[in-house]
1. What value, in deg cm²/dmol to 500, does the helix sum -39500 (n - 2.57) over DSSP H runs of n ≥ 4 give at 222 nm once divided by the residues of the protein assembly as shown?
2. Over chain B, calculate the relative contact order: mean separation of alpha carbon pairs under 8 Å at least 6 apart, over the residue count, as a percent.
3. Name the residue from C:S134, C:A296, C:A152 whose Cα lies farthest towards the positive end of the charge dipole of the range C:4-317, charges +1 on Cβ of Lys and Arg and -1 on Cβ of Asp and Glu.
4. Is there a quick way to get the dipole size of the range B:181-318? I mean about its Cα centre, with the Cβ of Lys and Arg at +1 and of Asp and Glu at -1; what is the value in debye to the nearest 20?
5. Could you pull out every one of the lysines with an alpha carbon less than 30 Å from that of A:K11, ignoring same-chain neighbours closer than 8 positions?
6. Run the numbers on the range A:40-124 and let me know its relative contact order in percent, using alpha-carbon pairs under 8 Å that are six or more apart.
7. Relative contact order of the range B:207-360: what whole-number percent is it, with Cα pairs under 8 angstrom and at least 6 residues apart?
8. For A:R7 and C:H50, FRET efficiency with R0 = 25 Å and r from the beta-carbon atoms, rounded to 0.05?
Amino acid sequence: MVKELLRTLIKKPVTRKYPYERREIPERFRGKIVIDYDKCIGCGLCARFCPAIAIKMVFIETSKGKRRKPLVQVYRCIFCGQCALVCPRKAISYSKEFELATYNKEELIVEPRPLKGGDESGSH
Amino acid sequence: MCSEYIEIPVGPQHPALKEPIRFVFKIDGELVVDVKPRLGYAHRGIEKLAESKNYIQNIYLFERVCGICSAAHTTCYVEAVEKLLGIEVPPRALFLRSIIHELNRIHSHLLWLGILAHEMGFDTLFMYTWRDRELVLDLIELMTGNRVLYAYNLIGGVRYDINFQIENQMRKVLDYLRERTKYYKRIIEEDKLIRARTVDIGVLKKSDAILLGAVGPTARGSGVDMDIRRDDPYAAYNELSFNVVVYKEEDAYAKTMVRVDEILESINIIEDALSKMPNGAVYVKTPLKVPEGEVVSRVEAPRGELLYYIKSNGTERPERVKVRTPTLANIPAVCKMLSQAYIADIPVIVASIDPCIACMDRITFVDVRKGKVYTISSRELREYAIKWYKERRREC
Amino acid sequence: MLSPLMTLIEVFIYPGVLFIVFISLILEWIDRKVYARAQNRIGPYYVGPHGILQPFADLLKLLAKEDITPDHVEKLEYVLSPILILYLSLVGIFMIPTGAWGDGYSIIYFEGDYLLVLTLATLTTVFIFLSGWSSLNRFGAVGSLRALLLIAGYEIPLFICAAAVILDAQTLCLSKISMIQEERLWFLIKQPIGFLASLISIQAELERIPFDIPEAETEIVAGWLTEFTGRKLALMRLAGDVKLLLFSSLVVTLYLGGPWFMGQANIVIFLVKIIIVAILISIIRALFARFRIDQALSIFWRYIIPLSLIQVIISLFVR
């Protein structure tokens, strides 16, 4: 034990000096949700299967008329990935963003923004 | 305090406990004369909540019963639902499930080793084991996308497959971990101070272990030879070869050695599974509505036998889910170990059963005299408690 | 010894109270850094260059917190104990030759100051007991009792090793003891067993792992420190650091030649030696787990006291 201790004294420490140093994030990581609203068909399966009841289906005006699209309250999200699994058009994926703390709850909503020429995915 | 003994409360907030539980010790100098446990501080109403979510949402709910043994909880739940549905899971998925299960066990035991060292005041060993545990967490993140709460098991299989890159990384990390674990084993066997704090401390005789229903390493450290992976195989364990680690010394040292050896066994199991893994799919689609029936499923969580009982009524939501976690089964055993112990040994003894209070708290009142099982509303409980304390104060 | 103004400066500024407090906070930083590096961590890093101002920041923070005196405590002892513990430790250092003015003498010196230093150190432990006991808290009571019980372990070997050194040096004055080592060999080489026994007894007196039994965090919350907060806690922690300085400098004076090196008595030499001893104490702290009180006492009575007795017998014959 003594040898190990003395050796560790001169080794470099393993502490990472966050936030000045960040680590690489692997590809399967589930960060903040990203919805491709063009692919979405409004089936509502994501809202039905969300364990945290974080997804609501809302109606928005598009050029093709009223459509149902998901609105995600990221502050309720548990980052489980069930919505991405169950979406039939693979419109849901994940970014690598995880530093989501904020003073303003409205920043953490992912919602569709209606635009003149079609749907537009948007996040605040 | 009207008795001649000093009563020392440990918990619900105490530096020795990582989770809230209350013990009231009656002490005489440094000796513990009596101990009364009080549970329920981490009760969250999970079983009731499960009745209002469908089976798929419940996977994520039960994963969060305990952050350290979350793979065991999801494995148990998912196997139970699959039994009710009567479907065959592809064998590759079963092997992957076992790998995650064993990785979870390694991480849990390394965490526990650090906590035991910390309870003994040995912070250096605590830092070293947790440094090595980081490697396991990074490996799990490579495989599942998250370090804790993996969301890896699904009803009908697992979520991701592994590729060559992940497999190579896994083998490298496992080799390194094997060397480190052997080094820790040597320290525990040779260091006189660790031996002085664990040998002949917290003795649980084999007959008591069986009588009080101890499970997991707590029982295996007292010579009771039981392991669900061998006795009632689940996932891929009927095709994997491993040893069940049993020590006869009955003290905290035996329980420590059981867990350290289990880390080495888990490393062997994972390498065995990697080499025997069959090809194929990792997931089959399952219907959402589960046919009527009742099922009990057990797994060997890192702390012992974990039991799920599910009753379904043909809809997509369960009618009743009951979870019996290993720490609950070990509480009577720890009370027996704590009587006639020194105060200074309390942290080590409580840590030696690897308490996971978050897993443990599901309260139901059983009135043994009347033979009834009932639950009280919180208002009735409050009135009952006030009345009880008033009477007790009058006695003094 | 000199004009009253010089005495005032000596007592309060250099090498008096201000200097002692400054150096003991630096020693706390060294202790935390070495402890952290032994565990593969960084330790204090952000406050000041490489975290050297961290102990100062901690002290200032505690001084600024609200000072609560619970209703039910024994007020006099509760309020006085922190002050007295700090005061006694500070006075102890006044008798250690620091080489501050290049002459190898301490602020106060007389024949017998060695025994006074040891007695003052034990008195601090008595006041530690009083502080825990007066706070009328179960954890405080258990902690204070353990602190008193521990005295039965380390006090005796400390005095016996002192006797060995006194026999060899033929003087009871600390300044003279360090001067004598300059002419002859360091006592470290002549009395290594005594050095070892003293080092272990000092670990117990300072209540450090493996002997931090009275303050065992995982067993009795904070032991005798439990009910203290705000300014009183600041004084207690500062007293702990000053005691570390006191005992490191005691070891340096007795066994490592004090502030003397190559015929010169210099404060820089003194500080370098203290830092080496402090690093040694920190490494011991990182290396072991915590003893139980009965195991600690048995270690002292079975091994350390016989070792120190052997040392005395040897020093009777070898001069």
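What follows is calculated from the coordinates using simple rules that are stated; it is not laboratory data. Keep in mind that what you see is a predicted model, and the values were worked out from it rather than measured. FYI the Cβ positions are ideal-geometry reconstructions off the backbone, even for glycines, and counts take in every protein chain you see.
1. Numbers: 32 runs with 432 residues, N = 839.
Computed ellipticity for the protein assembly as shown at 222 nm equals -16500 deg cm²/dmol.
2. Answer for chain B is 24 percent.
3. Checking the options against the dipole of the range C:4-317, the answer is C:A296.
4. Computed charge dipole of the range B:181-318: roughly 300 debye.
5. Correct list for A:K11: A:K3, B:K172, B:K182, B:K185, B:K192, C:K33, C:K273.
6. Dividing the mean separation by the residue count of the range A:40-124 yields 30 percent.
7. Numbers: 221 pairs, mean separation 37.5, N = 154.
Relative contact order of the range B:207-360: 24 percent.
8. Rounded to the nearest 0.05, the efficiency is 0.70.
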